[in-house]
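Participant: Sending over a structure as structure tokens; questions will come in a sec.
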Amino acid sequence: MAARFNPPPGWPVPPPGWTPPDGWQPDPTWPPAPPGWQFWVEDAYVQPSAASGAAGWARRPWLIAGAAVAILLFGIAIGSGGRSGGGDVDEPPTAFAATETTAQETAEPDATTTPAADPDDPDDEPTEDEPDTFEMPDLVGLNLQYAQDTLQALGSYSLDQEDASGLDRFQVNDSNWKVCRQDPEAGTEIPTDTLVTLWSVKLDETCP
């Protein structure tokens with residue numbers, strides 16, 4: 001089974017079949033790989049099974065023809081038996097019987113029907129599920145891209161990024177920035193939908 005190179009979060013995706021040459025080192029601006037990261041993974045491929053079913057019937061045309069003849073003879077025999085009485089046959093009052101049965105079923109309540117909720121009963125009030133929470137990690141000093149990946153792994157996707165230098169620069173490549181300040185603070189237990197704000201500067205700059 002073939003193996004392929006598995007880049008860590010924040011690294012560029014290599015072309016198919018790429019292997020690192022001798023002495024290759026990752027770009028120092030790329031974020032560090034998470035602890036225990038698997039750089040090589042195996043590719044799995046499942047060979048689809050051949051289709052079957054219709055081909056088996058194609059090899060037995062005599063069986064299909066015999067079944068058709070049997071059905072035809074059975075229909076002729078039923079038609080002949082119905083006309084052999086020599087008189088009109090009274091049909092049972094099926095419509096009336098069906099109507100009577102339906103009325104009876106409608107009148108009888110279903111014992112399995114769930115009773116309606118009582119608005120005055122506090123036990124019948126709907127309960128809301130509590131939101132998922134997580135403990136805010138310490139992201140100060142980390143690569144901005146790695147900090148984002150850490151939050152998303154905890155289920156937090158509501159993120160605001162600010163320029164800590166006050167120049168209102170836009171972080172085009174998050175891997176080239178580092179976190180200087182965060183809100184909420186590390187160790188705070190917060191819901192996963194809480195807005196997290198990260199202030200950062202470029203890697204070669206000093207946090208204010």
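Participant: Going by how many other beta carbons lie within 10 Å of each one, how would you line up Glu185, Glu130, Glu162, fewest first?
Facilitator: With the fewest neighbours first, Glu185, Glu130, Glu162 line up as Glu130, Glu185, Glu162.
Participant: Based on a Kirkwood Rh over C-alpha pairs, give the Stokes-Einstein translational diffusion coefficient of the stretch 134-202 at 10 °C and viscosity 1.306 mPa s in µm²/s.
Facilitator: 134 µm²/s
Participant: Can you tell me what share of the DSSP beta bridges in the stretch 134-202 is antiparallel? A percent to the nearest 5 is fine.
Facilitator: 65 percent
Participant: Given +1 on the Cβ of Lys and Arg, -1 on the Cβ of Asp and Glu, and no further charges, what dipole in debye does the stretch 142-206 carry about its Cα centre, rounded to the nearest 20?
Facilitator: 180 debye
Participant: Using a 7 Å offset from the Cα along the Cα-to-Cβ direction at both Glu135 and Asp163, what is the distance between the two label points in nm, to one decimal?
Facilitator: Between Glu135 and Asp163, the label points sit 3.6 nm apart.
Any read-out appearing in this document is the output of simple, stated calculations on the displayed coordinates, not a laboratory observation. None of the values given here were measured: they were computed from a predicted structure. Because the Cβ atoms are built from the backbone with ideal geometry, glycine has one as well, and the counts that use them run over all protein chains shown.
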